[in-house]
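Asker: This is the structure I have questions about; it appears just below.
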Amino acid sequence: MKNTNAEKPSLQERKFSVLIAEDDPLARRMLEKRLKDWGYTVFKAEEGKKALEILKRPEVRMAILDWMMPGLEGPEICSKLRQSKKPKYTYVILLTARDTSFDIIQGLEAGADDYMTKPINFMELRARLKTAHRILELEDHLLKTQKKLLKLATLDSLTGAWNRRTIFSFIREELERYRRENKPLGLLMIDLDNFKAINDTYGHQAGDAVLKNMVKMLKKNLRPYDRIGRYGGDGLLILLPSSDLFNTGLIASRLLEHIRKNKINFRHKATLSATLSIGGTSTDSLAQPSLEKLIQTADRALYLAKKLGRDRVILFGDSVKEEAKEKKHARKEKP
Amino acid sequence: MPEKKNPETNGSTPTMDRKEVLERIGGDEDFLKELMEIYQQEFAEKTELLDKAIKEKNFEVIREAGHSLKGASANLSLPALREAAWEMEMAGKEQNLEQAKKALAKLKKEYQRLLAYLGED
């Protein structure tokens with residue numbers, strides 16, 4: 001009698017690789033043969049240290065560990081595996097001899113997921129491996145969903161920039177660092193000039209494309225640790241760690257130049273020219289910097305940049321604001 | 001394949017439960033042959049170890065070798081050899097040299113019975 005149909009590997013069982021760690025050559029061979037019959041890819045170890053080495057491989061997601069082995073014993077391997085930083089979960093089945101009084105609780109507490117007594121009942125093992133599969137698939141699915149959700153929760157879906165909530169929390173974090181390490185922090189608020197006109201002339205899809213491409217162009221001209229987020233509408237915030245007012249101004253001018261000199265794609269092979277208005281501030285120019293204070297100051301600077309004819313950078317700090325207060329007539333013009 | 005009768009002699013423990021072991025390994029006769037070869041190699045190594053250990057009164061080795069032969073015998077559904085191996089393991093645990101000698105003789109005798117049984121194939 002050769003293998004029956006029921007013994008043929010199913011697609012579901014083929015996915016993960018299995019480690020067999022067993023010092024008894026007979027048991028090792030039996031396990032290997034049966035697992036291969038069921039469609040698993042098999043790795044073998046006859047002692048504990050080699051087992052631990054194989055467990056580092058990312059594709060090995062299931063392990064059948066003999067409790068008693070030279071080198072490291074099953075539970076030790078298990079707790080070492082759990083302490084390691086393997087990104088994906090490995091499902092562990094411990095094997096124990098039926099008439100030895102090993103403490104099952106000890107094995108489970110070392111991080112084993114399941115245990116079986118020897119001699120192995122292979123029908124039972126096959127069923128348990130199916131359970132392992134189900135759990136690993138659930139886990140993988142969960143991690144994937146978590147990643148997707150994190151992306152959804154932190155990114156602006158149109159531009160791929162950080163969303164408002166996230167860029168705000170980055171600013172708060174950087175402010176903490178500023179307080180701890182006294183590293184200055186710059187903030188830019190950017191508006192695309194005449195965005196309404198672009199939407200009216202070319203349609204909202206074109207407007208969306210312009211925004212998206214503008215973010216890409218800006219990103220290319222920022223340092224890796226700068227962060228760009230969408231404030232709302234066509235407004236963007238750029239967080240510039242380790243930048244005082246002077247550096248903030250330099251970066252802002254560079255961005256202004258770049259957008260001014262380069263065309264922005266808004267449809268396939270269709271481009272337009274655009275300019276930016278940028279308001280900026282930094283912690284070193286504010287007496288009591290806070291998230292609100294930074295936003296408010298950059299917003300006022302942006303307002304003035306637009307007021308003065310757009311396509312320019314205006315920087316504000318407390319001293320500038322004092323001057324502005326003196327020229328009260330300027331503020332009265334605010335609509 | 002016709003059922004093979006166990007060579008029952010004087011009502012002792014059966015040599016091999018062929019049906020059980022075949023069931024365990026998915027009915028693959030060729031594979032059973034391969035496993036028997038591994039077993040015979042293991043048995044030769046372990047009995048050699050045991051001979052030495054009994055001479056040297058090394059009860060730790062007696063216990064360990066008994067334990068692993070017990071496991072291997074259980075895997076291949078060899079109840080008589082499993083029983084003898086278990087007695088060996090116990091002899092090691094209890095540090096009983098006489099029992100270890102008896103167990104070794106029993107192991108060798110049962111092994112001969114197994115070979116005779118397999119020879120009938």
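Asker: Restricting to segment A:181-239, name every residue that is part of a helix (DSSP H, G or I), among the aliphatic types (A, V, I, L, M) and within 17 Å of A:HIS258 (Cα to Cα).
Answerer: Of all residues in segment A:181-239, those part of a helix (DSSP H, G or I) come to A:181, A:195-202, A:204-220.
Still in the list and also among the aliphatic types (A, V, I, L, M): A:197-198, A:206, A:209-211, A:214-215, A:217-218.
Selection gives A:VAL210, A:LEU211, A:MET214, A:VAL215, A:MET217, A:LEU218.
Asker: A further question follows. List, please: which pairs have Cβ atoms under 6 Å, are six or more places apart or on different chains, and start with a residue in segment A:297-310 that is of a type in the set (Asp, Glu) and end with one that is crowded, with 17+ Cβ neighbours inside 10 Å?
Answerer: Pairs that qualify, where the first residue is of a type in the set (Asp, Glu) and the partner is crowded, with 17+ Cβ neighbours inside 10 Å, are A:ASP299/A:MET189.
Asker: Does A:LYS36 satisfy being at pLDDT below 95, part of a loop (DSSP other than H, G, I, E, B) and either surrounded by fewer than 17 Cβ atoms within 10 Å (Cβ to Cβ) or touching a Pro at 6+ places or on another chain (Cβ under 6 Å) (or both)?
Answerer: So A:LYS36 does not fit the description; no.
Asker: Follow-up question, since we're still on this one. Restricting to segment A:69-88, what's the tally of residues that are loosely packed, with under 15 Cβ neighbours inside 10 Å and either under 21 Å from A:PHE122 (Cα atoms) or touching an Asp or Glu at 6+ places or on another chain (Cβ under 6 Å) (or both)?
Answerer: The qualifying residues number 1.
Asker: Hey, among the residues in segment B:19-33 that are within 7 Å of another protein chain (Cβ to nearest Cβ) and within 19 Å of the chain's Cα centre (by Cα), which one's farthest from B:LEU76 (Cα to Cα)?
Answerer: B:PHE31
Asker: Same structure, new question: Hey, can you tell me all the residues within segment A:214-234 that are out of contact with any Leu (no Cβ under 8 Å at 6 or more places or on another chain) and either small (Gly, Ala, Ser) or surrounded by 18 or more Cβ atoms within 10 Å (Cβ to Cβ) (or both)?
Answerer: Correct list: A:GLY232, A:GLY233.
Asker: Of all residues being surrounded by fewer than 24 Cβ atoms within 10 Å (Cβ to Cβ) and under 9 Å from the mean Cα position of the chain (by Cα) in segment B:73-106, which is farthest from A:MET116 (Cα to Cα)? Just the residue, please.
Answerer: Among them, the one singled out is B:ALA80.
Asker: Can you name the condition, by its number, that A:HIS141 falls short on among (1) within 14 Å of another protein chain (Cβ to nearest Cβ); (2) of a type outside the set (A, V, I, L, M); (3) free of Cβ contacts under 8 Å to residues at least 24 places away in the same chain?
Answerer: (1)
Asker: For segment A:273-301, which positions are surrounded by fewer than 24 Cβ atoms within 10 Å (Cβ to Cβ) and within 23 Å of A:VAL210 (Cβ to Cβ)?
Answerer: Those that are surrounded by fewer than 24 Cβ atoms within 10 Å (Cβ to Cβ) and within 23 Å of A:VAL210 (Cβ to Cβ): A:SER273, A:ALA274, A:THR275, A:ASP299.
Asker: Residues that are closer than 22 Å to A:PHE122 by Cβ and either away from chain A (no Cβ under 14 Å) or basic (Lys, Arg) (or both): does segment B:34-55 have at least one?
Answerer: There is no residue in segment B:34-55 that is closer than 22 Å to A:PHE122 by Cβ and either away from chain A (no Cβ under 14 Å) or basic (Lys, Arg) (or both).
Asker: Between a first residue in segment A:65-86 that is more than 14 Å from every other protein chain (Cβ to nearest Cβ) and a second residue that is polar (S, T, N, Q) and in a helix (DSSP H, G or I), which pairs have beta carbons less than 8 Å apart while being 6 or more apart in sequence or on different chains?
Answerer: These pairs meet every condition: A:PRO75/A:GLN106.
Asker: Is it true that B:THR13 is among the β-branched types (Val, Ile, Thr), surrounded by fewer than 19 Cβ atoms within 10 Å (Cβ to Cβ), away from chain A (no Cβ under 12 Å) and assigned to a loop (DSSP other than H, G, I, E, B)?
Answerer: Working: among the β-branched types (Val, Ile, Thr): yes; surrounded by fewer than 19 Cβ atoms within 10 Å (Cβ to Cβ): yes; away from chain A (no Cβ under 12 Å): yes; assigned to a loop (DSSP other than H, G, I, E, B): yes.
Answer is yes for this residue.
Asker: Which is within 12 Å of chain A (Cβ to nearest Cβ) and touching a residue at least 24 places away in the same chain (Cβ under 8 Å), of B:LEU107, B:LEU76?
Answerer: Going through B:LEU107, B:LEU76 in turn, just one is within 12 Å of chain A (Cβ to nearest Cβ) and touching a residue at least 24 places away in the same chain (Cβ under 8 Å): B:LEU76.
The values are calculated or read from the model by the stated rules, or taken from the named source; none is laboratory data. Given the structure is predicted, the values throughout are model-derived calculations rather than measurements. Because the Cβ atoms are built from the backbone with ideal geometry, glycine has one as well, and the counts that use them run over all protein chains shown.
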